[in-house]
Number of protein chains: 2
Amino acid sequence: MSLDKRKIKILKAIISSYIDNAEAVGSRTISKKYELGVSPATIRNEMSDLEEMGFLIQPHASAGRIPTDKAYRYYVDDLWKKVQSSSNVNLHQLRGIIEEKANEMDSVFKNSVRILSQFTKYTSFIVAPQLKQAIIKRIQLVPVTDKKVLLVLVLNSDIVKQVMINLSNTIPLEQMDKISSSLTEKMYGHKLGDIDSVKKNIIQELYYIRESSGDSLFELLPYLMEQIGKFEDFNIYADGITNILNLPEYNDVVKAREFISFVEDKNSLAKLFQITGENALDISIGHENQYNELRDCSLITATYKINGKLIGKIGVIGPTRMDYDKVISTVKSMSEAMNEIISQNFNDDKEE
Amino acid sequence: MSLDKRKIKILKAIISSYIDNAEAVGSRTISKKYELGVSPATIRNEMSDLEEMGFLIQPHASAGRIPTDKAYRYYVDDLWKKVQSSSNVNLHQLRGIIEEKANEMDSVFKNSVRILSQFTKYTSFIVAPQLKQAIIKRIQLVPVTDKKVLLVLVLNSDIVKQVMINLSNTIPLEQMDKISSSLTEKMYGHKLGDIDSVKKNIIQELYYIRESSGDSLFELLPYLMEQIGKFEDFNIYADGITNILNLPEYNDVVKAREFISFVEDKNSLAKLFQITGENALDISIGHENQYNELRDCSLITATYKINGKLIGKIGVIGPTRMDYDKVISTVKSMSEAMNEIISQNFNDDKEE
DNA sequence: TGTTAGCACTCGCGCTGATTGAGTGCTAAA
DNA sequence: TTTAGCACTCAATCAGCGCGAGTGCTAACA
């Protein structure tokens, strides 16, 4: 038995109908709604074949049929070829929305993940670049009170991090800038994650400005290291988690709660995204997911890169009965938009 | 008919039982669980009286009884006297948790609202001080790329805001600090919200440094104004929204969705918190809430202040059948902790 | 040989009616 | 005033039943 053209047509019709209505599809429905020019009886025979081949199942004897994960996989693989070329979202428009009100990376991520969930109506995520991989470009001390300074770290890709530091001694205002530039000079180009290992060298090199800055510099450094150590290893933005309450498959509060608990836990999410592939676009359907909690879900992930180097991922989680067409093209467009936005910022760096 | 001692005892027993189980309470239950030394029949008579007085209702003839909003109001007003003095949460411990990992106000708010929701198991909020009321203490430009500068605004209460600014011209590095200190000098003490009105004066006053900084300063100022204008009027932190899925009264997905939609909308929340009183602690129960969406909920709010001036609110929303005792004391402790933390930061300002 | 009409069969869903049990209100006695 | 006793009420549960959507099989037809 093979997947001839008519079987494919019928299978697609069933999937499409099920995606729309979340209800088991019968032969009569297919015959009426989709013009295939054959009677329900014929379709029944074909559906029986499709079930035997593992593409469909019957929830119970007198019900219509539902696509299996295998069916979705086939559907997606087929869809794939067509989506590759086109994308139904205007990239420039998308960029506009993302960059609106966003004057730093943090806002870009927040905006992006929000758009993603609003477009797809599913739960969306963005894994931000690992901070510890970021390279220090500048360090600037900003006095806040006499015993508090704000240490502003300018990293590559326009990422800015502040660390509030409490001092036991006062740093004279006029030395602030001098210390800032010394720190910048010595720290420039180091990865945030590497700082601890080069700590000793830096302290030694900075020794010569000790006299002018008193002991405060030596108080500053360990504190800075410590604060950097506290930076999250990963940073995940999520949005639209409660969208699942709109889906009929999560009409049951217990099921919804299970899902929400899972996706609200940043640790499990982080693991999940570690597992996903590093292709431009990855799709895992139902049981293909490693996590039991997601056995009824599909996960569409994409990566974004700088100069070919993967720095983060975006993703959408929805029911296996998902509008793959729309989600795939949205995720694709979004990753492209992020590539552009981030690369552009990064290119600024290179021009220096 | 008056609320004699026994009636009060029975009423409290009923409320207490209903808070625990969310199930209508019968006379036998009360007689067995709570040692009152009277038979169910007697309790029935008393319950009948309490119903007549408006403290109880019967969902249907053959069911037990449920406390009304009036009963909760009585319960809370009574509870009030006892809670006033004691608080079951260790304030120092609380401060420790809040300040852990928090090196700026933003983290303090995030931590606090999280703790609040984890302690109470209900949806919690914090309304942050209105940024536009904040006073500028320092302005520092931090170069990011040649055509991008980060403008760091240090405000009172240790609040720090950054604004990324894209320039069309380059500002020479060596002028950065000069411009920073000029800006600080002129802007110091102004409210963020007032800047627009003193804009012209400032520009005039800054005119004399025009020559050294070229036109870039004049490009900077309008941009800065614009960015400040974009600051949210209010900033609300929320946590534990999905906690309501654990409550039996929100077993219905439609009801849960309604609630979630309401509290996820920052605008409606902002309005809600505008309505609430400005006492140290306010409680509004069920129908006392102005919003229909919250007619089955109670809202416990507290304020936090600096030198007696209200700067923000915290709150917990839960079902009218709420563990008032726990929530009230938690909210109370939290507002006290925030008062301490924030005032301490603010006192630093005053010492200058 | 593929298609289709016809028909028996299956089974979830929703309706009905009976049963159960938790709880009340009333009354009469202690 | 309290309480035991009893009749009464009504939501919840469950079995029984018919409906209808949908299938699978068979036989006839093109």
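What is the angle, in °, between the Cα long axis of helix A:105-120 and the longest principal axis of the Cα atoms in chain A? Nearest 10 is fine, range 0 to 90.
It is inclined by approximately 10 degrees.
Considering the Cα trace of the range B:1-144, what is its radius of gyration and what is Dmax, both in angstroms?
Cα radius of gyration and Dmax of the range B:1-144 are 23.4, 80 Å respectively.
In a Gaussian network model over chain A where Cα atoms closer than 10 Å are linked, find which of A:T123, A:T68, A:T301 has the largest mean-square fluctuation.
Maximum among the listed residues: A:T68.
Return the long-range amide H neighbours of A:G312 (sequence gap of 5 or more, or a different chain), with a cut-off of under 5 Å between placed amide H atoms.
The answer is A:Y304.
What number comes out for the charge environment of B:L294, summing +1 per Lys or Arg and -1 per Asp or Glu over other residues with Cβ under 11 Å away?
-3
Rounded to the nearest 0.05, what FRET efficiency do B:L173 and B:D265 have when you use their Cβ-Cβ distance and R0 = 41 Å?
0.35
Once the dipole of the protein assembly as shown is set up with Lys and Arg at +1 and Asp and Glu at -1 on Cβ about the Cα centre, which of A:H60, B:Y291, A:L247 lies farthest towards its positive end?
Of A:H60, B:Y291, A:L247, it is A:H60.
Rolling a 1.4 Å sphere over the protein heavy atoms, what is the accessible area per residue of chain A, to the nearest Å²?
Values: 16090 Å² over 352 residues.
Accessible area per residue, chain A: 46 Å².
Once Rh is set to the Kirkwood radius over Cα pairs, what Stokes-Einstein translational diffusion coefficient, in µm²/s, holds for chain A at a temperature of 20 °C and a viscosity of 1.002 mPa s?
For these conditions, the coefficient is 91 µm²/s.
From other protein chains only, count the Cβ atoms within 10 Å of every residue's Cβ in B:146-159, then give the mean.
3
Search the structure for amide H atoms under 5 Å from the amide H of A:N235, placed 1.01 Å from N in the peptide plane, and list their residues when 5 or more places away or on another chain.
Counting only residues 5 or more places away or on other chains, the set is A:A128.
I'd like the FRET efficiency for B:Q118 and A:E104, computed as 1/(1 + (r/R0)^6) with the beta carbon distance as r and R0 of 35 Å, rounded to 0.05.
Once the sixth-power term is evaluated, E becomes 0.75.
So what are the ³J(HN,Hα) numbers for the range B:149-161, from phi and the Karplus equation (6.51, -1.76, 1.60; θ = phi - 60°), rounded to whole Hz, Gly and Pro as x?
Here the 3J(HN,Hα) series is 10, 9, 9, 9, 9, 9, 10, 5, 6, 6, 7, 10, 10 Hz.
Nearest 10 degrees, 0 to 90: what angle lies between the long axis of helix B:216-230 and the longest principal axis of chain B (Cα atoms)?
10 degrees
Which of B:S112, B:S329, B:S48 moves the most in a Gaussian network model of chain B with Cα springs under 10 Å?
Looking only at B:S112, B:S329, B:S48, the largest GNM fluctuation is found for B:S48.
Which whole number gives the average, over all residues in B:243-250, of C-beta atoms from other chains lying within 10 Å of the residue C-beta?
Other-chain Cβ atoms within 10 Å of each residue's Cβ, averaged: 2.
So if I place +1 on the C-beta of Lys and Arg and -1 on the C-beta of Asp and Glu, and nothing else carries charge, what would the dipole magnitude of the protein assembly as shown be about its Cα centre? I want it in debye, nearest 20.
Using Cβ point charges on Lys, Arg, Asp and Glu, the protein assembly as shown gives about 1460 debye.
Ignoring ligands, DNA and RNA, how do B:E278, A:E336, A:E226 rank by accessible area with a 1.4 Å probe, largest first?
B:E278, A:E226, A:E336
How do B:R114, A:R73 stack up against each other in accessible area, from largest to smallest, with a 1.4 angstrom probe? Walk me through the intermediate numbers first.
Values: B:R114 125, A:R73 60 Å².
These residues rank, largest area first, as B:R114, A:R73.
Could you check how many percent of all C-alpha pairs in the protein assembly as shown are farther apart than 49 Å?
For the protein assembly as shown, the share of Cα pairs beyond 49 Å comes to 29 percent.
Once neighbouring chains are kept in place and the probe is 1.4 Å, which whole percent of the accessible area of chain B is contributed by carbon and sulfur? Walk me through the numbers on the way to the answer.
Values: 7420 of 16070 Å².
Using a 1.4 Å probe with all protein chains present, chain B comes out at 46 percent carbon and sulfur.
Hey, what number do you get for the protein assembly as shown at 222 nm if only DSSP H runs of n ≥ 4 count, each worth -39500 (n - 2.57), divided across all residues, to the nearest 500?
The helix-only estimate for the protein assembly as shown comes to -16000 deg cm²/dmol at 222 nm.
Over the range A:105-211, what lengths in whole Å, largest first, do the semi-axes of the equivalent ellipsoid take, defined as the square roots of 5 times the eigenvalues of the alpha-carbon gyration tensor?
One finds semi-axes of 34, 17, 10 Å for the range A:105-211.
Can you run phi through the Karplus equation (6.51, -1.76, 1.60; θ = phi - 60°) for the range A:60-77 and list ³J(HN,Hα) in whole Hz, with x for Gly and Pro?
7, 3, 9, 9, x, 10, 10, x, 8, 4, 4, 5, 4, 4, 4, 4, 5, 4
Kindly express, to the nearest 10 degrees and within the range 0 to 90, the angle between helix A:324-351's C-alpha long axis and the longest C-alpha principal axis of chain A.
Tilt of helix A:324-351: around 20 degrees.
Report, as an integer, the average count of C-beta atoms from other chains found within 10 Å of each Cβ along A:168-174.
Mean inter-chain Cβ contacts per residue within 10 Å come to 0.
Gap in Å between the Cα centre of the range A:235-280 and the Cα centre of the range B:232-287?
Distance between centres, Cα-based: 23 Å.
Need one number: buried accessible surface between chains A and B, 1.4 Å probe, both sides summed, DNA, RNA and ligands left out, in Å² to 100.
About 3500 Å² of accessible surface is lost on pairing.
For chain B, set up a Gaussian network in which alpha carbons nearer than 10 Å are linked by springs, and say which option among B:V142, B:V127, B:V198 fluctuates the most.
Answer for the Gaussian network model of chain B: B:V198.
Quote the accessible area belonging to A:K271 in square angstrom, nearest 10, computed with a 1.4 Å probe and with ligands, DNA and RNA left uncounted.
Roughly 120 Å² of A:K271 is accessible to a 1.4 Å probe.
Per-residue accessible area for B:C297 at 1.4 Å probe radius, Å² rounded to 10?
About 0 Å², ignoring ligands and nucleic acids.
How big is the dipole moment of chain A about its Cα centre under a simple scheme where the beta carbon of each Lys and Arg is +1, that of each Asp and Glu is -1, and everything else is neutral? Debye, nearest 20, please.
920 debye
Can you give the accessible area of A:D20 in Å² (nearest 10), computed on protein heavy atoms with a 1.4 Å probe?
110 Å²
Give the calculated FRET efficiency between A:H287 and A:V38 to the nearest 0.05, with a Förster radius of 41 Å applied to their Cβ-Cβ distance.
0.80
The values are calculated or read from the model by the stated rules, or taken from the named source; none is laboratory data. A quick note: this is a predicted structure, and the numbers were derived from the prediction, not measured. Don't worry about glycine lacking a Cβ; one is built from the backbone with ideal geometry, like all the others, and counts go over all protein chains shown. What goes into the accessible areas is simple: the full protein's heavy atoms, side chains included, and nothing from ligands, DNA or RNA. Shrake-Rupley method; radii C 1.70, N 1.55, O 1.52, S 1.80 Å.
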